[in-house]
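Here is the structure we will look at, set down as structure tokens.
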Amino acid sequence: MPVNLKRIKAERIAKGLTQEDFAKELGWTRSHYARREQGTSKLSAEDLEKILKSLGYSISQVEDFFYPRCSRKRTRKSIKFTFMNKKEAVKNATNH
């Protein structure tokens, strides 16, 4: 599951911290932190743990920082099937 980087950014901003301030709190440079917050560099499990602790979260709350498992692709597909009539649904089911 991908990490919700927008949630991390929102939590940082809610604490009133700039990227510079938060990076110093983590012992990192601003650019090191910014690349992780923007998703241009991978966020390791250790990095995520350090960020969560600095934001005041425990490791048991880590799931709050991941996107849910359902994908948009499935959601769009199920919406498409919702609007089909019975004949179209049967035809589509037999073609797959």
Limited to the range 40-56, what total is found for residues that are more than 14 Å from Leu5 (Cβ to Cβ), surrounded by 14 or more Cβ atoms within 10 Å (Cβ to Cβ) and not charged (D, E, K, R)? 1
Can you tell me which residue in the range 60-92 is modelled with the highest pLDDT, limited to those that are within 21 Å of Lys15 (Cβ to Cβ) and exposed (fewer than 11 other Cβ atoms within 10 Å of the Cβ)? Ser60
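The values are calculated or read from the model by the stated rules, or taken from the named source; none is laboratory data. Computed from a predicted model, the values in this text were never measured in an experiment. Ideal geometry is used to build each Cβ from the backbone, glycine not excepted, and the neighbour counts take in all protein chains shown.
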